[in-house]
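A.B. asks: Once you've had a glance at the structure underneath, I'll fire off some questions.
Rule-based calculations on the coordinates, nothing more; no lab input. Worth saying up front: this structure is predicted, and the values here are computed from it rather than measured. Backbone-built Cβ (ideal geometry, glycine too); neighbour counts: all protein chains shown.
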Amino acid sequence: MIGTYGNRWANMALGRSDCLLVLGSRLDIRQTGADVDAFKAGRTIHHVDCDLGEINNRVTGCAGTVAQLRPFITAIADAAETAGPTDRSEWLNEIAELRRTWPDTMELREVVGINPNVLMRRLAGPVAAYVTDVGQHQMWAAQSLQLTGDQRFITSGGLGAMGSGLPLAVGVALASAGKPVVLIAGDGGFQLNIQELQTVVRNSLPIKIVLLNNGCHGMVRQFQQSYFDERYVSTSWGYSAPDFTRVASAYGIAAAQVTSIDELDDAVAKLYRDPSAPGLLEVSIDALANVYPKIAFGRPLTEMEPFASPIALEGT
Ligand SMILES: Cc1ncc(C[n+]2csc(CCOP(=O)(O)OP(=O)(O)O)c2C)c(N)n1
Ligand SMILES: [Mg+2]
């Protein structure tokens, strides 16, 4: 993932690129950072979108193509075949090296308790899709989930609709022909549509809920920490949540909780064991865990907080 909370190596690769092919992204501030000029500098941008209004909207000076992606990709694949092979191994090796140097699992060096990026990697399993709600858990998922085969990642992205996760998971489960679907949700957003657990039960949907409970509206709390002198109004202060395992049990959904990384693999295996049953796994995350790297407001994509050198990261 690139952008404000993107993988460090991906943003660095973007920063070094000289040609960018943008497929169906509106290039909003989450992708480019607030410094649009730095995003544009030194590269040609080809922007492909089905909506003319999106092209040269935020990022100007792009070479625009108005097209649906399926025919566009078919056409450029044909054109590439005619043009013959090009050796890009040097560039691909450079990206692979960046990826090795800046692993997502090393970003939160001082996190207390379960490292959420590591958690995401441990959720790999035989599922049709991963769906998220909105918040820090969504960013950790986007940074660190490892998709295989035709697995899909469904998230509301820039729309940021907190509470959309459970209804989205219901839709994805209905479209996935009985294959299990994982919902990654936060304790705040999950409370917005918690009543849809009954829809899950009534329709016997195989939705595996992984609920990251950090006891707060974490993404906004992190913002308050960075920019509002740790005044945690309405995110920690004056915020509460129910006992989610007991709520799930009341709906007849099997539920468990983990508080340490050692318990995680067994709990995930148990959650995935019956592919046809819904389940809930509550994972305790430290209230002060943050999403990193993050582009400081107004800074270019390649300057991400914390400003660590690879050596400092590897040394821990
Ligand atoms: C309907 C709605 N209200 C408020 C927000 C702003 N907002 C974005 S993330 C977030 C916190 C989400 O908290 P939680 O679900 O616990 O996830 P966490 O960030 O802690 O992982 C809030 C309040 C939003 N995106 N949508
Ligand atoms: Mg939370």
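A.B. asks: Across the chain, how many lysine pairs, 8 or more apart or on two chains, come within less than 27 Å at their alpha-carbon atoms?
C.D. replies: Qualifying lysine pairs in the chain: 4.
A.B. asks: Please give the helix 89-101 orientation as an angle from the longest Cα principal axis of the chain, in degrees from 0 to 90, rounded to the nearest 10.
C.D. replies: Value to nearest ten degrees: 40.
A.B. asks: If one takes the longest principal axis of the Cα atoms in the chain, at what angle in degrees, from 0 to 90 and to the nearest 10, does the Cα axis of helix 69-83 lie?
C.D. replies: Relative to the chain, helix 69-83 is tipped by roughly 40 degrees.
A.B. asks: Among R109, R88, R122, rank each residue by its count of other Cβ atoms within 10 Å, from fewest to most, as a rough exposure measure. Write down the numbers at each step before the final one.
C.D. replies: Values: R109 13, R88 10, R122 17.
With the sparsest Cβ surroundings first, the list reads R88, R109, R122.
A.B. asks: Taking the chain as the reference, fit the longest principal axis to its C-alpha atoms, fit the long axis of helix 218-227 to the helix C-alpha atoms, and give the angle between the two in degrees, 0 to 90, nearest 10.
C.D. replies: 60 degrees
A.B. asks: Let me ask another. To one decimal place, what orientation-averaged projected area in nm² is obtained for the convex hull of the Cα set of the chain? Provide the component values of the computation, followed by the final result.
C.D. replies: Details: hull surface 71.0 nm².
About 17.8 nm², averaged over all directions.
A.B. asks: Treat each spin label as a single point 7 Å out from the Cα along the C-beta direction, and report the I261 to T44 distance in nm.
C.D. replies: With each label placed 7 Å out from Cα toward Cβ, I get 4.5 nm.
A.B. asks: Considering only the other residues whose Cβ falls under 12 Å of the Cβ of I95, what net charge follows from Lys and Arg at +1 and Asp and Glu at -1?
C.D. replies: Local charge sum for I95: +1.
A.B. asks: Let me ask something additional. Let me have the 222 nm mean residue ellipticity of the chain computed from DSSP H runs of 4+ only, each contributing -39500 (n - 2.57), with the sum over all residues rounded to the nearest 500.
C.D. replies: Calculated at 222 nm, the ellipticity per residue is -10000 deg cm²/dmol.
A.B. asks: The range 218-268 to the range 153-198: how many Å between their Cα centroids?
C.D. replies: Cα centroid of the range 218-268 versus Cα centroid of the range 153-198: 16 Å apart.
A.B. asks: Also, I was wondering about something else. State the extension gain, in nm to one decimal, for the chain segment bounded by A124 and E81, taking 0.36 nm per residue of separation less the distance between their alpha-carbons.
C.D. replies: 12.0 nm
A.B. asks: Along the Cα-to-Cβ line of R58, 7 Å from the Cα, sits a label point; which residues in the range 209-226 have backbone N less than 19 Å from it?
C.D. replies: 220, 223
A.B. asks: Going by Cα centres, the range 109-124 and the range 1-71 are how many Å apart?
C.D. replies: 30 Å
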